[in-house]
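The values are calculated or read from the model by the stated rules, or taken from the named source; none is laboratory data. Every value quoted in this text rests on a predicted model; they were computed, and no experiment measured them. Every residue, glycine as well, gets a Cβ built from its backbone with ideal geometry; the counts of neighbours run over all protein chains shown.
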Amino acid sequence: MKLSKLDLSNVVAIAHTQGNLQLLLDLGGKELEFLEISLPVETFEGLQYLNEIVAQAKAKPPFADSIAVFPVKSPMVNALRYEGSNKILQVEFPSQTVSQYTGVEKNTCQDLQETGSAGRFFNKKFRGKYQYDRIDVDHDC
C-alpha cells in the first residue's frame with residue numbers, strides 16, 4: 001500500500017447525482033470550477049466520512065508541545081504526557097502508537113507513572129473507562 005498526502009482545502013462542496021461525483025473547487029480569488037467525474041456513490045459517501053473525521057480532529061483540544069514527556073519503566077508503556085488544564089493524557093506504547101485519553105485527573109496520571117506495574121494499572125483503570133483517540137505525534141523525545 002502506498003500512502004499519499006492529501007490537501008483538499010480547495011474543495012468547497014461535493015455532491016453525487018446520476019452516477020457522477022460533483023466537486024466545486026475554489027481556484028483562488030473569486031474563481032470556482034465545477035468538476036463532474038463518473039464515480040460510484042460510495043466515493044461520495046467516503047468523502048463525507050473523511051470530512052467528518054477531519055472536523056472531529058480539528059475540534060479536539062490542542063496538546064501543548066511544551067509538556068514534558070515522562071518515561072515509564074514498563075514493557076507495555078513507553079512514555080506519558082499530561083496536560084492538566086484539559087485533563088488530557090497521552091500514552092505512548094512500545095509499538096510507537098500514541099493514544100490520547102480525555103477526562104483523566106492528575107492524580108490518576110501520577111498513579112500510572114508511579115505504579116509498580118503500568119500494564120496492570122492501565123488495564124484496570126483505563127481500558128473501557130476513558131474516551132480515547134489514536135493520534136499522530138513526532139517521536140523526537
List pairs: first residue in region 28-41 and in the same structural domain as HIS16 (by TED's automatic domain parsing) and modelled with pLDDT of 90 or more, second residue among the small types (Gly, Ala, Ser) and part of a loop (DSSP other than H, G, I, E, B) anywhere in the structure, Cβ distance under 9 angstrom, at least six positions apart or on different chains.
SER38/GLY19; LEU39/GLY19; PRO40/GLY19; VAL41/GLY19
Which pairs turn up if I take residues in region 63-82 that are not assigned by TED's automatic domain parsing to the domain that holds ASP111 and surrounded by 18 or more Cβ atoms within 10 Å (Cβ to Cβ) and look for partners that are hydroxyl-bearing (Ser, Thr, Tyr) and modelled with pLDDT under 80 with beta carbon separation below 7 Å, at least 6 apart in sequence or on another chain?
none
So for region 49-62 (the condition being modelled with pLDDT of 80 or more, loosely packed, with under 12 Cβ neighbours inside 10 Å and more than 30 Å from GLN22 (Cβ to Cβ)), does at least one residue qualify?
no
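Listed here are the residues, each with its yes/no results for (1) out of contact with any helix residue (DSSP H, G or I) (no Cβ under 9 Å at 6 or more places or on another chain); (2) over 30 Å from ILE135 (Cα atoms).
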| position | (1), (2) |
| --- | --- |
| VAL11 | no, no |
| THR17 | yes, yes |
| GLN22 | no, yes |
| LEU25 | yes, no |
| GLY29 | yes, yes |
| PHE34 | yes, yes |
| PRO40 | yes, yes |
Cβ-Cβ under 8 Å, sequence separation 6+ or interchain: first residue in region 114-141 and more than 16 Å from PRO71 (Cα to Cα) and modelled with pLDDT of 85 or more, partner part of a helix (DSSP H, G or I) and of a type in the set (Asp, Glu). Which pairs?
LYS125/ASP111
Qualifying residues in region 88-135 (those that are part of a helix (DSSP H, G or I) and acidic (Asp, Glu)) - the one surrounded by the most Cβ atoms within 10 Å (Cβ to Cβ)
ASP111
Restricting attention to region 93-108, and to residues there that are of a type outside the set (Val, Ile, Thr) and at pLDDT 85 or above, which single residue is nearest to GLN131 (Cα to Cα)?
TYR101
Matching residues in region 8-35 - criterion: being of a type in the set (D, E, K, R) and loosely packed, with under 13 Cβ neighbours inside 10 Å
LYS30, GLU31, GLU33
